[in-house]
Each structure stands twice: as C-alpha cells, then as structure tokens.
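Notes follow the structure.
The values are calculated or read from the model by the stated rules, or taken from the named source; none is laboratory data. Note that the structure is predicted; figures quoted are calculated from it, not measured. Positions of Cβ are generated from backbone atoms using ideal geometry, with glycine treated the same way; all protein chains shown enter the neighbour counts.
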Amino acid sequence: MITLVIGGPDSGKSLFAESLADTVNYVHKYYIATMKIADKDAEDRRKRHVKMREGKGFETLEIPYRIDDAVKFMQSPENSVVLLECAANLVGNAMHEVEWKEKLEQGKQKDEDVFICHIVNLVTDLADKVGRLIVVSSEYEMTDAAVCEDAETQLYVKLLHAVNLKLLSIADRVYERKDE
C-alpha cells in the first residue's frame with residue numbers, strides 16, 4: 001500500500017506523514033531519509049530532523065538514492081510502516097548519479113521517460129516489500145521551472161512533476177498539504 005503526502009515546501013507534509021505512520025499498527029517503523037549530506041548546512045539540517053523525530057519510534061535509514069536497498073536493513077519489512085522522506089530529494093539525487101547524469105544532460109525525452117519510470121519503480125518495489133509505504137514529496141509549479149535560468153533546475157522540476165503525477169496515479173491514498 002502506498003500513501004502519498006504531497007505539498008509545497010514548508011506545508012507541514014513531513015509532520016503529517018509522521019502522524020499517519022502513528023495511526024497504523026505495524027511492528028516496526030522506519031524512516032528513509034534521502035537527503036544527501038554535502039556540507040555543514042545539510043549536516044545541521046539532518047541533525048535538526050533527527051532531533052525532531054526523537055521519541056517517535058522511527059529507526060532512521062539514510063539512503064539517498066538506492067532505496068531498494070532499504071529492506072536489507074529492516075527486521076520483517078512486511079510488518080513495517082516505512083516513511084520515505086522524500087521523493088523530491090530522491091529525484092534530485094538520482095539525477096546526479098553517474099548512470100543518469102550524462103543521459104539526462106543530452107535532453108532526450110526517451111531518457112527522461114526511462115528515468116521517471118526508474119524512480120517510480122524504486123518506490124513501487126519498496127512498497128511491494130513493506131507493510132505500508134508513506135511517501136512524502138514536494139511539488140513546484142511548472143511555471144517555477146520556466147522562470148529558472150538554470151537548465152538543470154528546469155529539468156529537475158520537470159522530472160519531479162512527472163514522478164509526482166505517476167505517484168498520484170498509483171497511490172492508494174493521497175493527502176495534499178497546502179502551505180501553512
């Protein structure tokens with residue numbers, strides 16, 4: 001089962017997703033953190049997020065890209081609720097992986113379509129192996145991409161938008177959070 005919690009930045013979607021994880025009765029609770037720690041600011045943010053989750057019963061797995069590896073670190077994944085935080089980071093991280101970076105830079109629609117399917121398959125493969133998967137994702141207006149001067153950011157917003165649309169179509173439950 002896939003539950004999607006989607007919204008803009010600072011919409012409270014992560015806290016909402018954590019509260020959803022508390023409403024289901026599974027033996028284990030896992031939090032897959034996809035943020036890459038690239039600098040001190042990211043490390044500080046990671047520490048803040050870990051502190052915010054203290055006492056909530058999550059075991060945190062820091063896996064920036066290959067989320068299909070997560071089950072290797074879980075006890076009885078089929079008896080677990082897993083919160084994937086977040087699909088937006090997953091898309092951004094995957095874009096910079098060696099296997100995708102050069103292909104995506106060429107700007108071929110076919111490569112973009114394969115990338116989108118790959119990300120969605122990572123999510124669905126994980127969902128098939130766990131009791132319940134709650135996916136958090138950010139959304140940006142496609143007009144945000146149009147005003148970006150940076151081609152890489154435009155591509156990121158385009159790919160994330162397409163991944164979100166696919167996730168919306170396959171999710172069993174969807175919760176949209178509005179900016180607070």
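Scan the stretch 30-75 for residues that are more than 16 Å from residue 18 (Cα to Cα) and either in contact with a Cys (Cβ under 9 Å, 6 or more places away or on another chain) or touching a residue at least 60 places away in the same chain (Cβ under 8 Å) (or both) and the total you get is 1. For the stretch 59-74, the criterion of being part of a loop (DSSP other than H, G, I, E, B), more than 18 Å from residue 121 (Cα to Cα) and modelled with pLDDT of 95 or more is satisfied by at least one residue. Residue 43 - would you say it is surrounded by fewer than 15 Cβ atoms within 10 Å (Cβ to Cβ), at pLDDT 95 or above and in a helix (DSSP H, G or I)? Criteria not met by residue 43. Screening 6, 37 for residues that are within 25 Å of residue 156 (Cα to Cα), touching a helix residue (DSSP H, G or I) at 6+ places or on another chain (Cβ under 8 Å) and in a loop (DSSP other than H, G, I, E, B) leaves exactly one candidate, 37. Going by the structure shown, is residue 56 of a type in the set (D, E, K, R), closer than 18 Å to residue 135 by Cα and surrounded by 20 or more Cβ atoms within 10 Å (Cβ to Cβ)? Here the answer is no, as residue 56 does not meet what is asked.
For the stretch 123-132, filtering for residues that are more than 15 Å from residue 79 (Cβ to Cβ) and surrounded by fewer than 19 Cβ atoms within 10 Å (Cβ to Cβ) leaves 2.
Among residues that are out of contact with any strand residue (DSSP E or B) (no Cβ under 6 Å at 6 or more places or on another chain), crowded, with 18+ Cβ neighbours inside 10 Å, within 30 Å of residue 27 (Cα to Cα) and among the hydrophobic types (A, V, I, L, M, F, W, C), residue 119 is included. Checked against the criteria, residue 149 does not count as surrounded by fewer than 13 Cβ atoms within 10 Å (Cβ to Cβ), under 23 Å from residue 174 (Cα atoms) and modelled with pLDDT under 90.
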